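The values are calculated or read from the model by the stated rules, or taken from the named source; none is laboratory data. Source: prediction; values computed, not measured. Backbone-built Cβ (ideal geometry, glycine too); neighbour counts: all protein chains shown. Side chains included, ligands, DNA and RNA excluded: accessible areas come from the protein's heavy atoms. Shrake-Rupley method; radii C 1.70, N 1.55, O 1.52, S 1.80 Å.
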Amino acid sequence: MPALHAVLGAIARLAITLLSKRRQARIDGRIAVAGLDGEVEIIRDRWGVPHIYASTEHDLFFAQGFTHAQDRMWQMDLSRRIAAGRLSEIVGGELIETDTIARTLGFSRNASLDLKNMPQEIIDLFTAYADGVNAHISGLGGRLPVEFTLLRYRPDPWTVLDSLSYVRLLTWSLSYGWYPELVTARLIKAIGPELAADLRIEYPSDHVDTLPRGIEVGPPRSDDSPAGGFVSTGGASNAWAISGGRTTSGSALLANDPHLPLRLPSIWYENHLKAAGFHATGVSFPGLPGVVIGHNEHIAWGQTVSFVDAQDVVVERFDPARPRMYQTAVGWLEAESIQETINVRRRKEPVTREILVTRNGPVMPQIDVGEGQKASIRAMSLGPSPDAAGFIGINRARNWAEFRDACRKLRATQVNFIYADVEGNIGYTAAGAVPVRASGNGTLPVEGWSPDSGLVGEIPYEEMPHALNPAQGYLISANNRIVDDAYPHHLGSMWIPGYRANRLEEVIAGSEKFGAFESMALQLDFTCLPGLQFADLVRDLDPDDPDAKLGADLLKSWDGVLDAASAPGAIYELMRRRLLRHLLEPALGPEMTRQVMGDGMHPLLASESEYVTYDTTILLRLLDNEGGASPQWVERAGGSEAALEWALADAVRELRATQGDDRAGWSWGNMHKMTFAHPMGLRQPLDRVFNRGPYQIGGDSDTPWQASYPASGPYSATSAGQSYRQIIDMGDLPGAIAMYAPGQSGRLGSRHYDDLIEPWLAGEYHPMLWDRSQVDNERRATLILSPDGV
């Protein structure tokens, strides 16, 4: 069968690629387009990046929508279908559950409310963007991508609501908090509160905080001020900003590499936008106008997921006799009932679903909280929020004050922003609304009928963590804890452990001067600090078992560099996960163990649990009996030394079985591979047509070059990776550099479909062309959009 799959895949790849090549976007020449104020010039460079020059913002965003659609129309259509719960229309009955979840969470419902409250000026920009998309859908600038032909449908016209629904899907995917509450409650029920506390999510005390002082605002800089010595997910990220006093150039520097699932096409689309009063470059989301991460003429910005706790599970008590009535502290209330109709491909009749929404949020039938009860999700990302206006405001910001004012509007987007500007300022601000709970700290579900289950407000924006020009001269954000316990408000407790942040701090603080070259090296760094901790744990072991001894010897000699060639790294990764399962399963059983190790639910609800990043810290806690952990976890395994020796031997035997007897051929990359997977590649033989890979890759969730694997499917690097890298010296904007993979185009057969994979893997960058002379030097194609009749 594998041979047949390979033959069929090769034939299908040749045939479909040839078909797709006849459907490429038109990127040269002149096209007459109705509705433009003037001519628009779209120059594509050697990397396929469009540089769009327009006279007005209307024309600029029209052209951005047009180029997004030219290169990514099927991806855009898929994104809006996910948000609207309309996948079953094109795929069939297997995605009814996904559509039901999307409609229950209400991305489109919330987007409709956002549209009603959106300023007219922002509506006009989003409308111009939609008009540009629709110009391509109507047939201008090339035929539709081959995916539409294979699935036998045409896209509907694009609307402003489609863009706003996608915003809601994105903000939901980067918001956290509800699922670990459920896992913690199940743990307590299974083994009691004392043993459950041994498996708690707790940020290590020796890991760094982003803002130890919570709020630190130093003096702002201006053009004539000295350069002095002052300085962020489903996803994660690294970001840093360094003041001119610590950089090699004497100007402020900003670097960012967001860690998101690596797909084909990429979630990002790089573009350079210029019109009167607007000039920005960086990456965007196909389906949305503007730049999400990048720089304009005055400021640069990057993002990391903040992991603040902005979600809760609320247990709702419904009346069996009156199925829409639920109990509250003020009596019985009727839940809002919404009837949803889901059209399903190859079915004559649609599927209907009733959605219930309480005052706390949508009721999720997928969440089991016990007989006779239901669960709703209360999330700030599902509440009113003018996020679209906020991101446009960031694109336009000229200074720290305007940047902060724009971030204020990002209520549903729980992220850290790192900032730098041409004046020499660096800054940090936490965006997104964070609730203030009547009681508790958000670590367990609450009972909706209790008077203490509600919210009493939000943390005021002015009191959210932020910093301008901190005394240390740099800022680091790597999904680590933002503030320490002295901060007066509760932000949460589920930050990703600070191994990456500690490594960034170690390198940046230990460098006399730091610039673009050093930033490149740090973004490409494979140092695994917890791996070195495990190497120390086995240093005094002298196992009798020859396999355990071999594993211990390899780890003892390891330098902690978890690149693809590392054999000790493979030992570490295998023993760590297997040892934790070895310790947990006797008490928890397989299913509960999987949840504690990070398994999620449905991909749209919670693809992974926040526990997934704490498997290492939990394991170290149990092995060392740290923090009062019960000794019974390791006693069942014969003690810590016996458990470590068992895990080492087991790891070596696994490597022998899968990579051969010759240990010279063992490597982390042999088992840790990544594939840029296309949605059409989920089925054979189309995987050999649309997917690219697998590629051996180093790193894991704790290395600066992050390449994490899902708890449900180790060790393939499909969870998150460096989806984009940028380094910007604010004194040399034309010298800014970036890279992402697999390529700019989502069209099979385009040279830009996968041309950036090898440079990305090799740690290379390309220039973020800024000046017109740079763009002209790298020009590969020019398309002119002219007003109809001109």
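In Å², what does the accessible area per residue of the stretch 374-470 work out to with a 1.4 Å probe?
31 Å²
Just flag the trypsin sites (Lys or Arg not before Pro) in the stretch 523-608 sitting in loop per DSSP whose Cβ has no more than 12 other Cβ atoms within 10 Å.
Passing both the DSSP loop test and the Cβ count: R539.
Considering the stretch 650-784, what Rg and Dmax in Å follow from its alpha-carbon atoms?
Using the Cα atoms of the stretch 650-784, the pair Rg, Dmax is 18.8, 63 Å.
Given that compact globular proteins tend to follow 2.2 N^0.38 Å, what is the ratio of the alpha-carbon Rg of the stretch 395-485 to that value?
That ratio works out to 1.32.
Label points 7 Å out from Cα along the Cβ direction at A509 and N343: separation in nm?
Label-label distance for A509 and N343, simple model: 5.9 nm.
What residues from the stretch 565-602 fall in the zone where the backbone N is under 15 Å from a label point 7 Å along the Cα-to-C-beta line of Q659?
It comes to 565-577, nothing else.
Quick check on the chain: helices-only [θ] at 222 nm, where DSSP H runs of length 4 and up contribute -39,500 (n - 2.57) each and the sum goes over total residues. Nearest 500, please.
Theoretical 222 nm ellipticity from helices: -10500 deg cm²/dmol.
Between A781 and residues 5 or more places away or on another chain, which pairs have amide H atoms under 5 Å apart, with H built 1.01 Å from N, and which residues are they?
For A781, whose amide H was placed from the backbone, the distant partners under 5 Å are R44.
Rounded, prolate or oblate: pick one for the chain, where a ≥ b ≥ c are the square roots of the eigenvalues of its C-alpha gyration tensor, a/c under 1.5 means rounded, and failing that, prolate if a/b is larger than b/c, else oblate.
It comes out rounded by the Cα gyration axes.
So which chymotrypsin sites (Phe, Trp or Tyr not before Pro) in the stretch 694-790 end up in coil per DSSP with only 11 or fewer other C-beta atoms within 10 Å?
Passing both the DSSP loop test and the Cβ count: no residue.
With a probe of 1.4 Å, find how much accessible area the stretch 554-649 has per residue, and write the answer as a whole number in Å².
33 Å²
Once label points are set 7 Å from the Cα along Cα→Cβ at both R772 and E97, what is their separation, rounded to one decimal in nm?
In this crude spin-label approximation the distance works out to 5.7 nm.
Can you give me the long-range amide H partners of A252? Hydrogens built in the peptide plane at 1.01 Å from N, cutoff under 5 Å, separation of 5 or more residues or another chain.
G244, G424, M730, G731
Within the stretch 28-48, find all residues whose amide N lies under 18 Å from a label point positioned 7 Å from the Cα of R143 along Cα-to-beta-carbon.
Taking a point 7 Å out along Cα→Cβ of R143, the residues of the stretch 28-48 whose backbone N falls under 18 Å are 28.
In the stretch 496-542, if the dipole is taken from +1 on Lys/Arg beta carbons and -1 on Asp/Glu beta carbons about the Cα centre, which of F534, S519, N502 is farthest to the positive end?
S519
Sort 154-166, 346-358, 182-194 for me by packing, meaning the mean count of neighbouring Cβ atoms within 10 Å per residue, highest on top.
154-166, 182-194, 346-358
Which percent of the accessible heavy-atom area of the stretch 369-455 goes to carbon and sulfur, probe 1.4 angstrom?
Ligands and nucleic acids excluded, carbon and sulfur reach 51 percent.
Given K556/K673; K348/K374; K116/K348; K513/K673, which pairs have Cα atoms separated by over 27 Å?
In this structure, K348/K374; K116/K348; K513/K673 lie more than 27 Å apart at Cα.
With every protein chain kept in the model, how would you rank S511, S519, S249 by accessible area, 1.4 Å probe, largest at the top?
S249, S511, S519
Sorting check: for 496-502, 775-781, 378-384, which peptide has the highest mean count of neighbouring beta carbons within 10 Å, and how do the rest follow?
Output ranking for 496-502, 775-781, 378-384: 496-502, 378-384, 775-781.
Taking R0 as 35 Å, what's the FRET efficiency between L444 and M325 from their Cβ-Cβ distance, rounded to 0.05?
0.90
Would you kindly derive the ³J(HN,Hα) couplings of the stretch 458-470 from the backbone phi angles with the Karplus curve 6.51 cos²θ - 1.76 cosθ + 1.60 (θ = phi - 60°), listing them in order in whole Hz, with x for Gly and Pro?
Once θ is set to phi - 60°, the couplings for the stretch 458-470 become 9, 5, x, 4, 5, 9, 6, x, 7, 8, 10, 6, x Hz.
Please give the net charge around R378, taking every other residue with its beta carbon less than 13 angstrom from that of R378, where Lys and Arg add +1 and Asp and Glu add -1.
Computed value for this residue: -4.
Loop-only check: which chymotrypsin sites (Phe, Trp or Tyr not before Pro) in the stretch 27-119 are DSSP coil with at most 11 other Cβ within 10 angstrom?
Filter output for the stretch 27-119: empty list.
How far is it, in nm, from the label point at R636 to the one at A521 when both lie 7 Å from their Cα along the line to the Cβ?
For R636 paired with A521, the spin-label model returns 4.6 nm.
Report the FRET efficiency, 1/(1 + (r/R0)^6), for Q120 and D37, where r is their Cβ-Cβ distance and R0 is 25 Å, rounded to 0.05.
So the FRET efficiency works out to roughly 0.90.
Between the stretch 587-602 and the stretch 638-659, what is the C-alpha centre distance in whole Å?
Value for the Cα centre distance between the two parts: 22 Å.
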